[in-house]
Structures are given as structure tokens and as C-alpha cells.
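Only one structure is covered here, and it is reproduced in the block below.
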Amino acid sequence: MPDFTFTPTNRLHEERTHRIYSLLHHGDVAKDKSPARALAYALAHHSLEGSEAAARAGDAATFDWYANQPLTEMRGIFTLTVAGPRVVVSPELDQLPRSPISETPYYVIGDQTQPPPAETQTLAAGAFAVASDAGFGELLHQHAVVMCLLRSKSLGQTLDSWTITRLPGTVFMDHVNDPVILGRDLIHEAGHNWLNDALTATDTKIDDQSYFWSPWKQSQRPAFGFIHACWAFPLTMIYSAWARDKAEPEIAEFLTTYLNKQRPLLAETSADHQQAMKLIPDQGLRERLIAVYEQALTL
């Protein structure tokens, strides 16, 4: 399975968490080496985003709430999973804000945040469990802390999911009420968070003038998006190949169909992927990206 431990990212998490918590007068939690460090990193960005929005709106009460309420210490908002305490929410999609910080809807934890119904927490915990069993536990521990479960759909319908760079460790996902399928999409979005952090941690600036053909989008894509796709889709292929052998027949058939669709798409990127990897100067990061890509090609 892929190795998701990356020392530059660990340093990034510690330093950025320290800066945010110092700014908001929460004290220094970044020195904590416990599993709560990943939680603190993700939630610090929610505090920062919430306080910035309050400041722009002139909402002193909300600003003070974020400044005096470390989100790691909020009671009643956490769902226990094998990856550690996670924040699972199920907001209505049409109630999520849009703003210049993101082209897509997003959600920021605040004083009104409540846990979802018990069955939703069970679904989320199940997704973390099956994905961890497949070898993705470290990825989810560090990069999937806040899970926003959106629309419930039927198996076979298009499932939309996304992340935004301003809220690392947060994922937004539709779902089909099945932990195995949710685990696949959780890995995909956590993978995007992992790569965003790794690029930042290694100070990698990807050439915005380089474009590659994306078979997933059926269009020319900037190198940044192409490299992301050639990382996140292989992760889901590796997971799907593992999970289908253990899933119920209907889910196993779905995952088999998914793999059959992904194989030719990934193979189509082979030549371009070699060129794109030349844009990643950090050897450790480049080797991880190539290893996952090549493993998926063998499936």
C-alpha cells in the first residue's frame, strides 16, 4: 500500500497550526505529538476562516467566539472512528455559502455545528474503518478530519465530491449510504488534501503554462489538475481492487465496473504523466506520486 508518511508535511502541519492558534490566542497545541495534532491542524483552519468571515462582516460576537473557543475542545460534535475523533456533519447543500474563497459550496464549523443523526455517524465510521483496513489509515488520519456528507443518492448516480485548499483536512461528498463506496470517495478527496499539503510543504510551484490532456475531463488541463487526477484516481483504483473482493455482490460489481472504466483512462495518460513528473522537483514527493501511479497501472 502507498506510504503516506511525509516529513515535510508533518512540519507544515505543526508550523501552520502554531501560527493560527497563536494568532487566535488559543495557545500552542502544535507541539502536541498525539493523534490530536491532525485534528488541531484541520480545525485551526475552520477557526481562521470563521473568524475572518466574522471580521469582514463586522460581527464582533462571532469573532470573539472563535478567538475564545478552540474547536478541538467543543463538546458533542465528534464522531469516534478508527482514524480518531472526526467531525461529521450533514448540511443541506443549498444552505452552504459560496464566496470568493471557493468556486464550490463549503461549510465552516461554528457555534451552531451539531453532529448528524446516529445512522449518518455509523455510515461515516464504517467508511473510515473499511478504508483503514485497506491500508489508507494514515491518509485518513491526517487528511480527512471534517466530513461533510451532502446528498444521498442511488448506486450508479453521479456522486459529486470536492475539497477546497482553504480548509485542508475537510472533504465534501455525496453518498449512497454504503460505507464501502463512501470509503472510496473519502480516499479520493483525502488524497487531494494530501497532495495539496505536500506541494505546499515542499514549496513546489507547478508551471501554470503546462497543459496535459485529461481523459477524465476530456479536455486539456493545467499541470496542477492533471497531476492531482493522476494521484487521486489511482488511489481509488488501489482501494477498489482491494474492496471488491470483500464487498457484497452488488457493491463488488459496481467496483469492478469502476475499475474497468478507470484502467483505459489511466493508461491514456502514461506519456504525459512522465512529462508532468518532471515538474515535481522534490524527489521524495515525486517518488510517492510515481509509485502510486505505477501500482494502479498494474491492476
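The values are calculated or read from the model by the stated rules, or taken from the named source; none is laboratory data. Because the structure is a prediction, the values reported are computed rather than measured. Cβ placement follows ideal geometry from the backbone for every residue including glycine, while neighbour counts extend to all protein chains displayed. Calculation scope for accessible area: heavy atoms of the full protein, side chains included, ligands and nucleic acids excluded. Shrake-Rupley method; radii C 1.70, N 1.55, O 1.52, S 1.80 Å.
General remarks:
- Neighbours by Cβ (under 8 Å, 6+ apart or cross-chain): first from the stretch 15-27, at positive phi; second modelled with pLDDT under 90 and open to solvent by 70 Å² or more (accessible area, probe 1.4 Å): His25/Asn68
- The conditions of being modelled with pLDDT under 95, over 23 Å from the mean Cα position of the chain (by Cα) and not hydroxyl-bearing (Ser, Thr, Tyr) are met by Lys246.
- Looking only at the stretch 165-194, residues that are open to solvent by 30 Å² or more (accessible area, probe 1.4 Å) and touching a Gly at 6+ places or on another chain (Cβ under 8 Å) come to 1 in all.
- Hey, Pro179 within 22 Å of Thr7 (Cβ to Cβ) and touching a helix residue (DSSP H, G or I) at 6+ places or on another chain (Cβ under 7 Å) or not: no
- The single condition from (1) touching a Leu at 6+ places or on another chain (Cβ under 7 Å); (2) assigned to a strand (DSSP E or B); (3) of a type in the set (Val, Ile, Thr) that Ile109 fails is (2).
- Every residue from the stretch 34-79 that is in a loop (DSSP other than H, G, I, E, B) and modelled with pLDDT of 95 or more: Gly58, Asp59
- Cβ-Cβ under 8 Å pairs, at least 6 apart or on other chains, the stretch 132-148 side more than 21 Å from Ile109 (Cβ to Cβ) and at pLDDT below 95, far side surrounded by fewer than 20 Cβ atoms within 10 Å (Cβ to Cβ) and not polar (S, T, N, Q): none
- From Asp207, Asp197, residue being touching a residue at least 60 places away in the same chain (Cβ under 8 Å) and surrounded by fewer than 17 Cβ atoms within 10 Å (Cβ to Cβ): Asp207
- Of all residues in the stretch 106-121, those that are open to solvent by less than 20 Å² (accessible area, probe 1.4 Å) have Cβ atoms under 6 Å from Cβ atoms of residues that are in a helix (DSSP H, G or I), 6 or more apart or on another chain, in Ile109/His46; Ile109/Leu71; Gly110/Gly50.
- Number of residues in the stretch 60-113 that are under 19 Å from the mean Cα position of the chain (by Cα) and among the aromatic types (Phe, Trp, Tyr): the value is 3.
- Given (1) under 20 Å from Tyr106 (Cα atoms); (2) surrounded by 23 or more Cβ atoms within 10 Å (Cβ to Cβ), index of the condition Arg151 fails: (2)
- Number of the exception - Lys31 against (1) more than 19 Å from Ala198 (Cβ to Cβ); (2) at pLDDT below 90; (3) touching a helix residue (DSSP H, G or I) at 6+ places or on another chain (Cβ under 8 Å); (4) assigned to a helix (DSSP H, G or I): (4)
- Within the stretch 191-209, the set of residues being assigned to a loop (DSSP other than H, G, I, E, B) and at pLDDT 95 or above comprises Thr202, Asp203, Thr204.
- Number of residues in the stretch 210-220 that are farther than 17 Å from Ala267 by Cα and open to solvent by 50 Å² or more (accessible area, probe 1.4 Å): the value is 1.
- Of all the numbered requirements in (1) more than 17 Å from the chain's Cα centre (by Cα); (2) open to solvent by 70 Å² or more (accessible area, probe 1.4 Å); (3) under 29 Å from Arg11 (Cβ atoms); (4) hydrophobic (A, V, I, L, M, F, W, C), Ala57 misses one, and that requirement is (3).
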